[in-house]
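Each remark here refers to the structure printed beneath this line.
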Amino acid sequence: MKEIKGLLFDLDGVIVDTAKYHYLAWKELAGKLNIPFTEKDNERLKGVSRMKSLEIILEIGGLKLSGEEKEEYCTYKNEIYLKYIHKLKKEEVLPGVNEFLADAREKGYRIALGSASKNAGIILSRLNLVGAFDAVIDGTKVKTAKPDPEVFLLGAKELGLSREACIVFEDAKAGVDAAHNGGMKAVGIGTKENLPNADICIPGLFGTNINEIIKQLS
Ligand code: BG6
Ligand code: MG
């Protein structure tokens, strides 16, 4: 394995558990459309773009809408979601994240965010984490969604590193596949059962550090 110099982190589910807020917002919208929507259904939305998430919900309800209507519902969902995000507390950062990032930075690694979310800026700022990243690539900067590797390739580029010098931390299957499609190794945050394609799996960033991860990967 080439020497690793860059670390690319997904946001939702890796840095912070926002899935519960996405769920509450989608649930409210689904209720408005009379579509039953459960926490199990919400699992299908992880790592998936806002529009694709809506399309999955419409599919569950057997409902077809025009492009314009879909745009309106996405905006509506995001307004509900943002009400939760505006109240997000820095204590909601996932366990071990601050320590892991600080230690990696001290060791000289370059660090980027690679997220599908168009709300990454506000979330990082609510968590006091803006300064923890050398580059932030989010849903406002990319054209194609994971599993396309665009978000991670752009991350490596903004860090000034080759793809082989970077690894990805991801909690969603689409994100693990995006890393592999970009020629990078993927550290799965979760279980091997949920992320069978990940190169290694860890339950979270708590109690580990970058040296340990790289040792496990090589
Ligand atoms: C991903 C989440 O990180 O971002 C998805 O896992 C979400 O659930 C996607 O749909 C887009 O997020 P946002 O904040 O732009 O609606
Ligand atoms: Mg995620």
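The values are calculated or read from the model by the stated rules, or taken from the named source; none is laboratory data. Values in this document were obtained by computation on a predicted structure and should not be read as measured data. Note that we place each Cβ from the backbone using ideal geometry, even for glycine, and neighbour counts take in every protein chain shown. Quick note on the areas: whole protein, heavy atoms, side chains included, nothing else; ligands and nucleic acids left out. Shrake-Rupley method; radii C 1.70, N 1.55, O 1.52, S 1.80 Å.
Checking the a/c ratio against 1.5 first, then a/b against b/c, what shape does the Cα gyration tensor give for the stretch 96-218?
Taking the square roots of the gyration eigenvalues as a ≥ b ≥ c, the stretch 96-218 is rounded.
Could you give the distance between the Cα centres of the stretch 27-41 and the stretch 187-204, to the whole Å?
28 Å
Quick one: of K40/K77; K27/K118; K40/K64; K70/K157; K70/K185, which pairs are farther than 26 Å apart, Cα to Cα?
K70/K157; K70/K185
In the stretch 146-212, which trypsin sites (Lys or Arg not before Pro) are in a loop and have at most 12 other Cβ atoms within 10 Å, using DSSP for the loop call?
For trypsin sites (Lys or Arg not before Pro) across the stretch 146-212 that sit outside H, G, I, E and B with at most 12 neighbouring Cβ atoms in 10 Å, the list reads K192.
Residues of the stretch 153-176 with the amide nitrogen closer than 18 Å to a label point 7 Å from the Cα of S218, along Cα-to-Cβ, please.
162-168
Counting heavy atoms of the protein chains only and a 1.4 Å probe, report the per residue accessible area for the stretch 31-110 as a whole number of Å².
I get 62 Å² per residue for this part.
What 222 nm value per residue comes from the helices of the chain, counting each DSSP H run with n ≥ 4 as -39,500 (n - 2.57) and dividing by all residues, nearest 500 deg cm²/dmol?
Estimated from H runs of four or more residues: -13000 deg cm²/dmol.
Just the number, please: percent antiparallel of the DSSP beta bridges in the chain, rounded to the nearest 5.
That works out to approximately 5 percent antiparallel.
In the stretch 118-218, which GluC sites (Glu not before Pro) fall in coil by DSSP and have 12 or fewer other Cβ atoms within 10 Å?
The qualifying sites are E193.
Over 28 Å between Cα atoms, which of K90/K215; K89/K215; K5/K52; K141/K192; K5/K146 qualify?
Those over the limit are K90/K215; K89/K215; K5/K52; K141/K192.
Rounded to the nearest 0.05, what FRET efficiency do N197 and T38 give with R0 = 25 Å and r taken as the Cβ-Cβ distance? Could you check?
After rounding to 0.05, the efficiency reads 0.45.
Could you work out what % of the accessible surface of the stretch 23-137 is carbon and sulfur, using a 1.4 angstrom probe and leaving DNA, RNA and ligands out of the count?
The computed percentage sits at 50.
Could you please state how large a percent of the accessible area of the stretch 148-194 is carbon and sulfur, counting protein chains only and using a 1.4 Å probe?
C and S atoms contribute 49 percent here.
Could you state the accessible area per residue of the stretch 137-218 in Å², with a 1.4 Å probe and every protein chain left in place?
Counting only protein heavy atoms, the per-residue value for the stretch 137-218 is 46 Å².
Show me the chymotrypsin sites (Phe, Trp or Tyr not before Pro) within the stretch 44-91 that DSSP assigns to loop and that have at most 12 other Cβ atoms within 10 Å of their Cβ.
none
Once you have a ≥ b ≥ c as the square roots of the Cα gyration tensor eigenvalues for the chain, tell me rounded if a/c is under 1.5, and otherwise prolate or oblate according to whether a/b is larger than b/c.
prolate
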